[in-house]
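Novice: This structure is in structure tokens; I'll ask about it shortly.
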Number of protein chains: 2
Amino acid sequence: MAIVRVEVTYKRGVEDPEAITVEKNLRILGYDSIKKVNISKIYEINLGDTKRDAEDLVMEISEKILSNPVIQSYRILR
Amino acid sequence: MAIVRVEVTYKRGVEDPEAITVEKNLRILGYDSIKKVNISKIYEINLGDTKRDAEDLVMEISEKILSNPVIQSYRILR
């Protein structure tokens, strides 16, 4: 039973609509100094009992379910 | 000019609809061993030029904009 953490972020140059909304809300509320917000998601996955290699399984899940490989990248955190 | 990272998570006992959807999708796709998925968001904020104390400013933003204090908690990462 392994717990693995995966970080998913938007690739450089791809606009994150949520980050843009946060930046806009910050401006509206008067936080004018703030230049930039980047958002990433951390998935903490309890793999349960499996015969598969943990890293191999997490890479597969990350590519199929947790991220959109066209616009996002992921990395397994140690 | 400081860059600060804030992690926002759902409080214990509060259901995260996104995590539940990910768990469901994993089951549908045959990843039956996986017991639990927890998701947190990391906001990396470039505070820009401000006279305010960075931690004080980030706490204010986290409570007002980045999290819903009723169901989520945040912590400033070092």
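Novice: Mind telling me which of the residues B:Ile42, B:Ile61 ends up being facing chain A (nearest Cβ under 10 Å), closer than 16 Å to A:Val37 by Cα, in a helix (DSSP H, G or I) and not aromatic (Phe, Trp, Tyr)?
Specialist: From the options B:Ile42, B:Ile61, the qualifying one is B:Ile61.
Novice: Among (1) more than 8 Å from every other protein chain (Cβ to nearest Cβ); (2) more than 10 Å from the chain's Cα centre (by Cα); (3) closer than 19 Å to B:Val4 by Cα, which single condition is A:Val8 missing?
Specialist: Here A:Val8 meets the rest and fails (2).
Novice: Could you list all residues from segment B:19-35 that are more than 9 Å from every other protein chain (Cβ to nearest Cβ) and either in contact (Cβ under 8 Å) with a residue 60 or more places away in the chain or closer than 29 Å to B:Val70 by Cα (or both)?
Specialist: B:Ile20, B:Thr21, B:Glu23, B:Lys24
Novice: While we're looking at this one, here's another question. Can you tell me how many residues within segment B:62-75 are in contact (Cβ under 8 Å) with a residue 40 or more places away in the chain and either within 21 Å of A:Gly30 (Cα to Cα) or polar (S, T, N, Q) (or both)?
Specialist: 5
Novice: Looking at this structure, is A:Arg52 closer than 25 Å to B:Ile34 by Cα, of a type in the set (D, E, K, R) and in contact with a Ser or Thr (Cβ under 9 Å, 6 or more places away or on another chain)?
Specialist: yes
Novice: Additional query: Within segment A:66-78, is there a residue that is more than 10 Å from chain B (Cβ to nearest Cβ), within 14 Å of the chain's Cα centre (by Cα) and of a type in the set (Lys, Arg)?
Specialist: Among the residues of segment A:66-78, at least one is more than 10 Å from chain B (Cβ to nearest Cβ), within 14 Å of the chain's Cα centre (by Cα) and of a type in the set (Lys, Arg), which makes the answer yes.
Yes/no per residue for (1) hydroxyl-bearing (Ser, Thr, Tyr); (2) buried (at least 17 other Cβ atoms within 10 Å of the Cβ); (3) on the phi < 0 side of the Ramachandran plot:
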{"residue": "B:Val8", "(1), (2), (3)": "no, yes, yes"}
{"residue": "B:Val14", "(1), (2), (3)": "no, no, yes"}
{"residue": "B:Val22", "(1), (2), (3)": "no, yes, yes"}
{"residue": "B:Leu26", "(1), (2), (3)": "no, yes, yes"}
{"residue": "B:Tyr43", "(1), (2), (3)": "yes, yes, yes"}
{"residue": "B:Asp53", "(1), (2), (3)": "no, no, yes"}
{"residue": "B:Leu66", "(1), (2), (3)": "no, yes, yes"}
{"residue": "B:Arg75", "(1), (2), (3)": "no, no, yes"}
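Novice: B:Ile42 fails exactly one of the following numbered conditions: (1) more than 19 Å from A:Glu18 (Cα to Cα); (2) in contact with a Ser or Thr (Cβ under 8 Å, 6 or more places away or on another chain). What is the number of that condition?
Specialist: (1)
All of the numbers you see were taken from the coordinates with simple rules; none came from a lab. On a predicted model such as this, the values are computed, not experimentally measured, just so you know. Here Cβ is always computed from backbone atoms with ideal geometry, including for glycine, and neighbour counts include all displayed protein chains.
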